[in-house]
Amino acid sequence: MPADRPERFEKADRSGADAVIIDLEDAVAPAAKDRARSNLCHALRLQNPTFVRVNSEDSGWYHADLAAVRALGLRRICLPKAESVATLDAIIETLGVDVEIMALIETARGLEAAAALAAHPHVARLAFGPADFALDLGTAASDAIKAHALMRLAVASRAAGKALPLDGPSFEVADTTRLASECRQALNHGAGGKLCIHPAQTSDVIAAFRPSAEQLGWAQRVVDAAQDGATRLVDGKMIDAPIIAQARALLLRGRSQSGKAV
């Protein structure tokens, strides 16, 4: 939600998303930055985990954003164009050791540093910004470019023991077909959720990232066959230890996870 539109904060909070991001960066015009910053106090009323997306470190607003976050005692930061562990350390030094950071990977340097960023103890999750990433590369935001970046972020996240990364948002708010396609691609490329830019997108994203009835049925058949001890064929295919572990994880996800949309 744009930080200069506080009347929208609670709508986002009620949308079913797993977290809310109050944006001081791209969604706010330069002339409105100070007014937007003053609205952060309204984020204290929200029920869901709430991140503040500050302006990038090389902007003229970054330090004022951090000061406002610190003054209000907000503990979650969304850092755009994350590229350096030193920047993360400086945020912790400024805001305190109980801060949680979502690191947005939006540049080539950020992608190259993804493993180190994911391993930082205060980074809760990596997220991908495809528009700025393509701009940094000087190319179109093609499916191939996005797939390459997202898969690298998935590997970096899992190697660091963190949750799978969040895919970038779909900018065509009314195009549910495109949103569904983007969600399928994101899942195939290792994403564990997807950013949203409008509350109307949340339910579709949650549905896309929730295991389907067909997937859960397959997983239950695999687990049942493994418990039987003798059957090693499910739907005509051999099952082994990794397949059984995958099926159990899918069932667990189906029971405990509503989907990830932010």
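Here the stretch 118-134 is the region considered, the condition is being closer than 20 Å to ASP26 by Cα and surrounded by fewer than 18 Cβ atoms within 10 Å (Cβ to Cβ), and the residue that is farthest from the chain's Cα centre (by Cα) is ALA134. Look through the stretch 204-260, keep the residues that are within 16 Å of ARG184 (Cα to Cα) and touching a Leu at 6+ places or on another chain (Cβ under 8 Å), and return whichever of them is modelled with the lowest pLDDT. Across the stretch 204-260, the extreme among qualifying residues is LYS260. For the residues ALA43, ALA31, ALA116, the requirement of being within 18 Å of PRO165 (Cβ to Cβ) and either hydrophobic (A, V, I, L, M, F, W, C) or free of Cβ contacts under 8 Å to residues at least 12 places away in the same chain (or both) singles out ALA116.
With the requirement that a residue be of a type outside the set (A, V, I, L, M) and surrounded by fewer than 19 Cβ atoms within 10 Å (Cβ to Cβ), what does the stretch 19-29 give you? Spell out how you get there, then give the answer.
Within the stretch 19-29, the subset of a type outside the set (A, V, I, L, M) is 23, 25-26.
The one that is of a type outside the set (A, V, I, L, M) and surrounded by fewer than 19 Cβ atoms within 10 Å (Cβ to Cβ): ASP26.
Of all residues in the stretch 47-58, which are open to solvent by 20 Å² or more (accessible area, probe 1.4 Å) and either in contact (Cβ under 8 Å) with a residue 24 or more places away in the chain or touching a Leu at 6+ places or on another chain (Cβ under 6 Å) (or both)? Of everything in the stretch 47-58, those that are open to solvent by 20 Å² or more (accessible area, probe 1.4 Å) and either in contact (Cβ under 8 Å) with a residue 24 or more places away in the chain or touching a Leu at 6+ places or on another chain (Cβ under 6 Å) (or both) turn out to be GLN47, ASN48, PRO49, ARG53, GLU57.
Of all residues in the stretch 28-60, those satisfying the criterion of being under 22 Å from ILE197 (Cα atoms) and part of a loop (DSSP other than H, G, I, E, B) are VAL28, ALA29, LEU46, GLN47, ASN48, PRO49, VAL54, ASN55, SER56. Of all the listed residues (ALA71, ALA103, ALA115), the sole one being open to solvent by 60 Å² or more (accessible area, probe 1.4 Å), of a type outside the set (D, E, K, R) and over 21 Å from GLN47 (Cα atoms) is ALA115.
Can you tell me which residues in the stretch 74-83 are over 17 Å from ILE22 (Cα atoms) and either open to solvent by less than 40 Å² (accessible area, probe 1.4 Å) or at pLDDT below 95 (or both)?
ALA82
The values are calculated or read from the model by the stated rules, or taken from the named source; none is laboratory data. Since this is a predicted model, take the numbers as computed values, not measurements. Please note: Cβ atoms are built from the backbone with ideal geometry, for glycine as well, and neighbour counts cover all protein chains shown. Heads up: the accessible areas ignore ligands, DNA and RNA and are worked out on the full protein's heavy atoms, side chains in. Shrake-Rupley method; radii C 1.70, N 1.55, O 1.52, S 1.80 Å.
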